[in-house]
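First up is the structure itself, then whatever we jot down about it.
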2 protein chains.
Amino acid sequence: MAARVLYDLCAADPAVRLSPYCWRVKLALAHKGVACEARPWRFTEREALGFSGQGRVPVLVDGERVVTDSFAIARYLDETYRDAPTLFPGGVAAARFVAAWADGVLNAGLARMVVADIWAALDGEDAAYFRESREARFGARLEDVQAGREERLGAFRASLAPLRTALGEAPFLAGERPAYADYAIAGSFQWAHAISAFDPLADDDPVPAWRERMRGLYDGLMATAPRAVGSAADAG
Amino acid sequence: MAARVLYDLCAADPAVRLSPYCWRVKLALAHKGVACEARPWRFTEREALGFSGQGRVPVLVDGERVVTDSFAIARYLDETYRDAPTLFPGGVAAARFVAAWADGVLNAGLARMVVADIWAALDGEDAAYFRESREARFGARLEDVQAGREERLGAFRASLAPLRTALGEAPFLAGERPAYADYAIAGSFQWAHAISAFDPLADDDPVPAWRERMRGLYDGLMATAPRAVGSAADAG
């Protein structure tokens, strides 16, 4: 086993990484300056994670330590790598508030806009697993969930009011420098961006300007990440 | 004009204070240890605020300074009274995120549960103004907006997920000690509590336990505040 490995959800193209939760971890690792192999992992490769006692990513293996769950991994990194700036300059609870908002409001809104595009970026067993599990969750065909996304843009953008208002105060949620609260939200946007050409943000808004700043961080970690787009028309 | 005055929205009983935004300011003043007269003000007393250039509370008069808008007042207090601990330990933007969430999600959810109770706590011109303006906003009678609130409890409690999740990490959103993010949310709960016997929280939840801690702060500033309740049955 390599010294440090993050199991990182990938699409049919293993270079395309799409989990919002794995993106949070990769940004947290970069923030801490901790080198780590981001190993491609597919939805249906449950056995490869058997050592972690569960079947989902992110999973971080750091020497002898195995840590699961994106927030637990961030807490672990913050406690372990203390020479770098903290991921939680306003405390752990305040960052958790933002992450929980991203988990619910943001991911729920984005999922309904790109869920068929996600499927189109997968193949084989992964595509079948994704369709079956998500159609059961939504109680509808993926294409029907995603249909009419243009009409939902207004409500989606309105739901971003906390982020938009906060970004009137500072360049990042955490202030002059980004931290975990920013990474939690950026991970969600990167998830959609990695597999869909559909952009749910309006130009005349501080949110996309912040998203651009986030994409440029850490030598363009997100800006240079491969995407699987162009299949949206087929899927829609 | 007294040295320091906060114009503070009151009900028919001037001892009952109901504005969530004024409660945020009173908690921020207490946090900073800044003494201030909280002067009762009614919805229709626009002329009394003429000096502020607008017609809404909170309005803080601090010597020669007049500051409006709850968040602007908090920023002013933090910049002016620097001996006391900051209201924004995680930065201004992070606190603003939470306040904007309270403005939208929390206040919108609570309003639909207590809007007729608010009306019942008012009298005279204020009651008439409140009914007319809020019925125009909701496009429905206040009693119809509030009706069926028990059936909305599940969705309302689900919308508190960011707060509930964050409170699993620390006693307050700001960590071991409360700060503005806590006050922003506590002000909303106090608004409902001041004028309604209806409690939208479930006992088996970290949120009401946090609310109790908040109510006890600053010699029971909220816990000892007079309420106008008992009229809920008449209004519903």
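Quick note: the coordinates plus some simple rules give every number you see, no bench work behind them. It should be emphasised that the depicted structure is a prediction, and the values quoted were computed from it without experimental measurement. Quick reminder, even Gly has a Cβ in these numbers, built from the backbone with ideal geometry, and neighbours come from all protein chains shown.
Observations on the structure shown:
- For B:P85, the point set 7 Å out from Cα toward Cβ sits 2.3 nm from its twins in the other copies, listed from shortest up.
- For the protein assembly as shown, the convex hull spanned by the alpha carbon atoms encloses 161 Å³ per residue.
- GluC sites (Glu not before Pro) lying in DSSP loop within the range A:132-204, provided at most 12 other Cβ fall within 10 Å: A:E176
- Annotation for B:E132, label-to-label distances across the other copies: 6.3 nm (shortest first, one decimal, point 7 Å from Cα along Cα→Cβ).
- Among chain A residues, the one whose Cβ is nearest the axis of the rotation from A to B, given with its distance rounded to whole Å, is A:G90, 1.
- Table column - 3J(HN,Hα) (Hz), the range A:162-176, Karplus curve with 6.51, -1.76, 1.60, x for Gly and Pro: x, 5, 4, 5, 4, 6, x, 9, 6, x, 10, 4, 7, x, 6
- Fluctuation leader among A:G139, A:G216, A:G90 - chain A, Gaussian network, Cα springs under 10 angstrom: A:G139
- For the range B:1-109, a simple Cβ point-charge model (Lys and Arg +1, Asp and Glu -1, everything else neutral) yields a dipole of about 120 debye relative to the Cα centre.
- Where labels lie 7 Å past Cα in the beta-carbon direction, separation of A:A158 and A:E45 in nm: 4.3 nm
- Percentage relative contact order, chain A, counting C-alpha pairs under 8 Å, at least six apart: 27 percent
- Annotation: the antiparallel percentage among DSSP beta bridges lying fully within chain B is about 65.
- Evaluated on the range A:93-202, the Kirkwood hydrodynamic radius is 15.0 Å, with distances taken between all distinct Cα atoms.
- Calculated FRET value between A:T80 and A:E151, using beta carbons and R₀ = 51 Å, to 0.05: 0.65
- Copy-to-copy label separations for A:A48, where each label sits 7 Å from Cα toward Cβ, in nm and ascending: 6.8
- Placing R0 at 51 angstrom, the Cβ-Cβ distance between B:R213 and A:E212 gives a FRET efficiency of 0.80 after rounding to 0.05.
- Placed amide H near A:D8: partners under 5 Å, 5+ positions off or other chain: A:R39, A:W41
- Among B:L77, B:A136, B:C10 the positive-end extreme of the charge dipole of the range B:1-143 (Cβ point charges): B:L77
- Within straight-line reach of B:K26, meaning a Cα separation under 14 Å, sit the following aspartates and glutamates at least 8 residues removed in sequence or on another chain: B:D8, B:E37, B:D62, B:D69, B:D78, B:D182, B:D219.
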